[in-house]
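Asker: Sharing a structure here in structure tokens format.
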Amino acid sequence: MQGRRAREHSLPVVPALKRVLPAGLRPGGVYSLQGSMSLAMALLAGPSLNGAWCGVMGLPDFGVEAAAGFGVALDRLVLVPDPGERWLQVLAAMTDVLPVVLACAPARTAPADAARLGARLRERGSVLLVAGNWPQSEAVLRVSGQDWEGLGQGHGHLSRQELRVEVALRGASRTAVVDLSGGVPEKASAYRIGA
């Protein structure tokens, strides 16, 4: 992998998330995600299905089989379960070479550090998905409810996962209900939800 420069076009999202982010993921943007790892995996899937490398940092329990089920290509996924005390430096290095990085928010981030990282993201054209709160986010996506179908009396197969997502984007807010089981393209892995 080598360093990248900013790109003009947005990164795609899977069809189910077009109602939430119709323009896709803006290069240089930071998106705060709250309430659902499924939403985070679905956001990684769009760029991954289009050939992009992705990274996950600070999430030691990240489910790679579940991510594959959403369409994340595991052969183009960089995992850093524990970046240690150099969280910001590791994240900056990852965003230098990867178009999309999902990271767990640290307990506290100084506004100056967030601003420096934001400038680096804009320069490189990378997208940061943060599980938790982040100052200066492009958008905050919060899952306020979810429904599952397909399990009955402790057995069966999941056939549907529906999320109620509240989006705060550039001063405007809206709510959308998305069915993640129907939004994963057919070329996704055999672990696909509903398969």
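Asker: For residues that are in a loop (DSSP other than H, G, I, E, B) and among the acidic types (Asp, Glu), scanning just segment 73-94, find the one that is farthest from ASP113 (Cα to Cα). Explain how you work it out, then say what you get.
Answerer: Taking segment 73-94 and keeping what is in a loop (DSSP other than H, G, I, E, B), we get 73, 81-86.
From the residues that got through so far, the ones that are among the acidic types (Asp, Glu) too are 82, 85.
Details: ASP82: 19, GLU85: 14 Å.
Once the filter is applied, the top-ranked residue is ASP82.
Asker: Turning to a different aspect of this structure: Within the set of pairs 6+ apart or on separate chains, which have a first residue in segment 110-126 that is at negative phi, a second that is in a helix (DSSP H, G or I) and among the acidic types (Asp, Glu), and C-beta atoms under 8 Å apart?
Answerer: ARG120/ASP96; ARG124/ASP96; SER126/ASP96
Asker: Moving on to the next point. Looking at segment 102-121, which of the residues that are of a type outside the set (Gly, Ala, Ser) and part of a loop (DSSP other than H, G, I, E, B) is nearest to VAL80 (Cα to Cα)?
Answerer: This residue is PRO106.
Asker: Starting from residues that are under 18 Å from THR95 (Cα atoms) and either hydroxyl-bearing (Ser, Thr, Tyr) or part of a loop (DSSP other than H, G, I, E, B) (or both), keep the ones in segment 51-72 and report whichever is nearest to the chain's Cα centre (by Cα). Lay out the reasoning, then the answer.
Answerer: Taking segment 51-72 and keeping what is under 18 Å from THR95 (Cα atoms), we get 51-59, 72.
Add one more test, that the residue is either hydroxyl-bearing (Ser, Thr, Tyr) or part of a loop (DSSP other than H, G, I, E, B) (or both), and what stays is 51-53, 58-59, 72.
Details: GLY51: 15, ALA52: 13, TRP53: 12, GLY58: 13, LEU59: 12, VAL72: 10 Å.
Among them, the one singled out is VAL72.
Asker: Same structure, new question: Among the listed residues LEU151, LEU102, identify the single one that is hydrophobic (A, V, I, L, M, F, W, C), surrounded by 14 or more Cβ atoms within 10 Å (Cβ to Cβ) and either closer than 19 Å to SER32 by Cβ or at pLDDT below 85 (or both).
Answerer: Numbers: LEU151 fails: surrounded by 14 or more Cβ atoms within 10 Å (Cβ to Cβ).
Going through LEU151, LEU102 in turn, just one is hydrophobic (A, V, I, L, M, F, W, C), surrounded by 14 or more Cβ atoms within 10 Å (Cβ to Cβ) and either closer than 19 Å to SER32 by Cβ or at pLDDT below 85 (or both): LEU102.
The values are calculated or read from the model by the stated rules, or taken from the named source; none is laboratory data. In this text the structure is predicted, and so the values were computed from the model without any measurement. Note that we place each Cβ from the backbone using ideal geometry, even for glycine, and neighbour counts take in every protein chain shown.
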